[in-house]
Amino acid sequence: MFLKTRKCVVLYTKKTSILLGHSARAAADNINTALGAGSTSHATVSRWFDRFKSGDRSLESQPRSGRPPEVNVDDLRREVQSNPDATTRELAEVLNCSNQAVEYHLHELGYRKVLARWVPHVLTDASRAVRVAICQSLLLRPRRKEFLSDLVTGDESWIHYENATRRAFWLPREETPPTQPKLSQKNRLKVLLCCFWDAQGILFYELLHNETINADKYSTQLTKLSAAIKKKRRRRVNVVLLHDNARPHAASNVRQKLENLGWETIPHPPYSPDLAPSDYHLFRALKQHLRGKQFNDFSDVEAELNNFFEAQPSEFWAKGIQTLPDRWQEVLDANGDYIID
C-alpha cells in the first residue's frame, strides 16, 4: 500500500506540475482526498515538484547515504521466526536498516508484539505424558454423568483484606499520570480460604487466620465436609473427591481418613491448576468479585464470602464441574500442554 501510494503521489505531482499548473499544496490536498487523509504531506509533494522542475522525471527514489530504506521481507521473516523475542533494534542491526523500516514491514507481514503468558510450571516430556495418561483414563471412565454428579472438589486460596487494583485516568496528553503505590505483601492482611463444593453449590468452607493447612487440619476438615454432605446432600450415596496432590492432601493419615470415609479419590496431575475446578472456575470468579474491595476485619471478609457463595446461581456451580471433560480433551489435543484461557 505504501509503495502504491508513493507511485500515485509521484505520477500525480508530475502531471500537475507539467500540465495542470497546480501548486504543491493543492496537489497534496487532492491526493489526500483521493487516497485518504495522511496519504502524503505538503513537504513530500513539494520535494517531487522541485525534482520535476529541475528536469528529473524519474519515478525512482534517489540514492541516499546511510542505511538503505528497503528491507528484504523474506530475510526479516526468517529472522523473526528464528528469534521471535528479538527487539526491533536487534532486527534492524542484523538487516542493516532502520527501526522504523522493521516496524513497518513487521506490521505489513501481520506480526504484533505480545507478552508471553505465565504458566504454573515448566512441563517436561514426562509431566506432559502423566497429564495425558490421567486425562485419557478419566475420559474413558464409564457412567460419566453419574460420576460427575458425585464429584466433590476443594482447594485453598488466600483472601486479602485489601484488594486494590491499578486505576485508569482520563488525562490530557501532556499531563503525567498519577502514581499509585503497590500494596506491601509482607504486611498485607489475609486469611486462607479452604472450601469444598460440587455441581449443586458450596458444601463446606472455613477461613484460617494466622494458620496454614497441615495433614491434621486437613483431616479434620474432611470430617466436617462429611457431616456437611450428609446434611446438604441426603440422597448422596457415593462421594468422589477431586483435590490436588499437595503434601497435606497426600499424607498417610489423610489417606487413611479417606479410606475410613469410603470415598473414592480421582488422580490429579502435578502442577495442573488448569484441571482443578476451584482454580480455573471458582477462585477466578471470586477474585474478580473481590477486586477493589477492602475489609476492616475478619467478620467483613466472612460476610462478603457468604454473599458471594449465596449469590451464585445453580448454573455457575454446574458449569465448573461439567466443563471438566472438555478440559481433559483439550489436554489430550495439546499433547499434555497447559490450557491457556
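The values are calculated or read from the model by the stated rules, or taken from the named source; none is laboratory data. Everything numeric here is computed off the predicted structure, so don't read it as measured data. Please note: Cβ atoms are built from the backbone with ideal geometry, for glycine as well, and neighbour counts cover all protein chains shown. Only protein heavy atoms, including side chains, enter the accessible area calculation; ligands, DNA and RNA are left aside. Shrake-Rupley method; radii C 1.70, N 1.55, O 1.52, S 1.80 Å.
At a glance:
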item	result
Net +/- balance of residues flanking Asp300 in space, Cβ distance below 15 Å, scoring K and R +1, D and E -1	-2
R0 of 45 Å, Cβ-Cβ distance Val119-Asp29: FRET efficiency to nearest 0.05	0.25
Convex hull of Cα atoms in segment 80-153, direction-averaged projection (nm²)	8.8 nm²
Per residue, in Å², the accessible surface of segment 202-341 once ligands and nucleic acids are set aside, probe 1.4 Å	54 Å²
